Every structure is written in C-alpha cells, then in structure tokens.
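J.: Sharing a structure, written as structure tokens. Questions coming.
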Amino acid sequence: MKLALLAAGVIAGTFWSRIARSEMLKEGQVAPAFSTEMVVGDQIKPVKLSDFRGKRLVLYFYPKDNTPGCTREACSFRDGFSRFEKAGIVVLGCSIDTSESHRAFIKKYGLPFPLLLDHDKSIARAYGAANGIPILGFDRRITYLIDGDGKIMKVYPSVDPSTHAAQILEVLEKSATRGPASAKPAAH
C-alpha cells in the first residue's frame, strides 16, 4: 500500500510539475500585472508591478522561507544587493509564506529587499511558478528579469541557489554593452 501511494505521488508530482513548466512565461512577453503586499523589514506595504515602471526588476519565486536552498538563494541576492542597487535593479522575492514568516526570514538573514505575499498563489500562477513541489504545495524556484517597460528580458527556469544572483549580474553586465536602452544597467 505504501509503495502504491509513493508511486502515485511521484506520478502526480511529475504531472503537476509539467503543468507549472508549461505555464512559464517566455522572454519578450509582457509580465503579468499583480497587486499584493510586500514585507519590507518589519513593515507591510501595498505593491503593484506598475510601481516599478521604468525600473528593471528581478522577480524570483522560491518554495519556502528558512529552508536550506531558499536561504542560500536569498543570501546570494543579499550578498550581491549593492551591485543590483548600483545597477538600478529592484529585487523582489515571492513565496506563499505568511507575513510573519517573511518578517522573521528577513530579520534572521538581514535581507535588504522586499518579499511579496502570495497567499492565494495568484502571482505564482500568473508566472508559471505555482505548485512546483505539488506534494507539499510549494512554488517552484524560477526567476524573471523584467525590463523597465514591463517585458520579460530573461527567464531562469532552473537555478543554483548559491550562485543565482551572480549569474543574473553577469548577464546584466554583458547586456550593458549590447542591449536596448531598457536593458542597460546604470553606469558604474
């Protein structure tokens, strides 16, 4: 009986993971609008995607606060934050965790960027990140780089949490010499 349940879980996990992947956005598409709240330090503030018009944005989805991979990824963005800031890039993390969980996560690891609240998974569904770990109901790890006009510049469907922020910064630095105006980082 346990083996049958395990097999059913694996099959369901494979099926739902493929659904999440099939909904993933593509480069050049307009980023779906969202309106939610974000945790900034110990405060909760309303936020919409349109608040970032004219700015480049890293929107990264992660499964759960305070888990090993998610902590490595958040700390990677924290450690590279001054470079993102210098390049005029906003960093936002998003998961289905509560505001209390986000506050504790931000405080424990000194995260200098906001974490979005997505209790109903509406943002994750719109961006193809919902149910990446279906058995647990967590979102998948995926990142979108969005330009100042609200279009998807780059999609990172599979990331190494420890080096992901550095990978994005490398792409941005390369695009500074060849991309359109909305893709160029600010002068260093």
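The values are calculated or read from the model by the stated rules, or taken from the named source; none is laboratory data. Only a predicted model underlies this, so the values are computations on that prediction, with no experimental measurement involved. As a convention, Cβ positions derive from the backbone with ideal geometry for all residues, glycine included, and neighbour counts pool all protein chains shown.
J.: May I ask you to verify whether ALA130 is over 16 Å from the mean Cα position of the chain (by Cα), within 23 Å of ILE152 (Cβ to Cβ) and surrounded by 16 or more Cβ atoms within 10 Å (Cβ to Cβ)?
T.: No.
J.: Let me ask something additional. I'd like to check something: does segment 79-95 contain any residue that is under 22 Å from ALA130 (Cβ atoms), surrounded by fewer than 18 Cβ atoms within 10 Å (Cβ to Cβ) and among the charged types (D, E, K, R)?
T.: Looking through segment 79-95, none of the residues is under 22 Å from ALA130 (Cβ atoms), surrounded by fewer than 18 Cβ atoms within 10 Å (Cβ to Cβ) and among the charged types (D, E, K, R).
Residue-wise test of (1) in a loop (DSSP other than H, G, I, E, B); (2) modelled with pLDDT of 95 or more; (3) of a type in the set (A, V, I, L, M).
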site: ALA7; (1), (2), (3): no, no, yes
site: PHE15; (1), (2), (3): no, no, no
site: ARG18; (1), (2), (3): no, no, no
site: LYS26; (1), (2), (3): yes, no, no
site: ALA33; (1), (2), (3): yes, yes, yes
site: GLU37; (1), (2), (3): no, yes, no
site: PRO46; (1), (2), (3): no, yes, no
site: LEU59; (1), (2), (3): no, yes, yes
site: ASP65; (1), (2), (3): yes, no, no
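J.: So, one more: Kindly indicate whether ARG56 is surrounded by fewer than 18 Cβ atoms within 10 Å (Cβ to Cβ) and of a type outside the set (A, V, I, L, M).
T.: Numbers: surrounded by fewer than 18 Cβ atoms within 10 Å (Cβ to Cβ): no; of a type outside the set (A, V, I, L, M): yes.
The answer is no for ARG56.
J.: Do you know which of the residues in segment 126-165 that are in a helix (DSSP H, G or I) and at pLDDT 90 or above is nearest to ARG103 (Cα to Cα)? Walk me through it before giving the result.
T.: From segment 126-165, those in a helix (DSSP H, G or I) are 126, 164-165; that's our starting set.
Pick out the ones that are also at pLDDT 90 or above and you get 126, 165.
Working: ALA126: 24, ALA165: 21 Å.
This residue is ALA165.
J.: Which residues, counting only those in segment 113-130, are over 13 Å from THR36 (Cβ atoms) and either hydrophobic (A, V, I, L, M, F, W, C) or without any contact (Cβ under 8 Å) to a residue 60 or more places away in the chain (or both)?
T.: Answer for segment 113-130, where residues must be over 13 Å from THR36 (Cβ atoms) and either hydrophobic (A, V, I, L, M, F, W, C) or without any contact (Cβ under 8 Å) to a residue 60 or more places away in the chain (or both): PHE113, ALA129, ALA130.
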